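Where a number appears in this text, it was derived from the coordinates with a stated rule and is not lab data. None of the values given here were measured: they were computed from a predicted structure. We place every Cβ from the backbone using ideal geometry, glycine too, and count neighbours over all the protein chains shown.
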C-alpha cells in the first residue's frame, strides 16, 4: 500500500492572507468618516413670551449611519454633545444640554430633509423639549450645510506650537470654555462656578490648569493646577490626580489640610472642532467633604 502525501497548493496557502486583506479593505471603507458643518438660525420662545433667535452651529462626523459631533449657539449653550444618525440622506441630531438654561430648554431634536450633498439651503425641523422631555415648541427653518475640510495651514501651525512630547494630544493646546455644572457639594465648600468664567487650559509647556472668574485674561485669577502632562503616557483620554495642601482657591475647605484633585475625561475632535468632556472631583482629606463638576468644553483659543 502506497501512501501519497499531498501538500497544499500555493493558492490555498495564500487564501487566509487574501481573506485578511479583503477584511481590511471592507473595514477601511466603512470606517472612513466624513466631516460636516451646518449653520442656521431659529426662533425660540421656551418658557417665556419673549422670542429669541439663536444662531447655531453643528459640527459632526459621519461614520456609516452614525453621527457624533458638537452643537453651539449664542443663547442656549456654548458647547454641547451631539449624537444621531443619517438614513437615506435624512439626518437626525439629538442634543442634550448638560446644565439648565433660562429658557427651560433641556434638549433639541434637529432633523433635516433628504440631502445627500452640500447645500446652502436645507429644510430643517427643530423641536425643543423641557427637563421632563415634554415638547416646548417646533420650528421650521433653513440651514446651510457644508462639508468640513480641515485647514492644513492651521494644522501645521498647531503642530508647530503643540507637538513635541504631546503624542495623541498634538494640536490640542489652547483655552477651552463651555458648560460646567455642579453635581455635588457635600459640605457647601465650593464656589467654582458661581461667578462664571471657568476655563481649562492645555499650555504649550504641557501644563494643565483650570481657571475660574476668567474675564479676558488668565493673570491673577483663581486656578487649580494639575502639573505638566509631558513625560506621561499621552492619550486623548485623561485621568490625572494631584494633591494640594493649604488654601484651595474658590473653596472654603480646610486651609491647614490637603485636598485630592481628580480630573478625568477626554479630548476629542469633531468636524475640525476640538473639545474636552469630563468630570472634576475635589475631596477634602480632613473632613471627607467632596465637590464634583461635569465639564463640557470647546476650544475657544488656539495656542
Inset, instruction - Take the Cβ-Cβ distance between residue 66 and residue 255 as r, set R0 to 41 Å, and report the resulting FRET efficiency rounded to the nearest 0.05. - result: 0.25
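Hey, with R₀ at 30 Å, roughly what FRET efficiency would residue 287 and residue 236 work out to, going by the Cβ-Cβ distance, to 0.05? Walk me through the intermediate numbers first.
Values: r = 34 Å, r/R0 = 1.15.
That pair, residue 287 with residue 236, gives E of 0.30.
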Legend entry - Residue-span extension gain [residue 139 to residue 87] - 0.36 nm each, minus C-alpha spacing: 16.6 nm
Inset, instruction - Determine, at each q value in 0.22, 0.24, 0.25 (inverse angstroms), the log₁₀ of I(q)/I(0) that the Debye formula gives when each Cα of region 236-303 is one equal point scatterer. - result: -0.90, -0.99, -1.03
Inset, instruction - Provide the descending list of Cα extents for region 34-147 along its principal axes, expressed in whole angstroms. - result: 37, 24, 22
Inset, instruction - Beta carbons within 10 angstrom, averaged per residue: use that to sort the peptides 130-139, 273-282, highest first. - result: 273-282, 130-139
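If R₀ is 35 angstrom, what is the calculated FRET efficiency for the pair residue 131 and residue 164, using the beta carbon separation as r and rounding to 0.05? If you can, show how the numbers build up before the last one.
Numbers: r = 46 Å, r/R0 = 1.32.
About 0.15, to the nearest 0.05.
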Inset, instruction - Starting from the Cα gyration tensor of region 152-302, multiply each eigenvalue by 5, take the square root, and state the resulting semi-axes largest first in whole Å. - result: 28, 16, 14
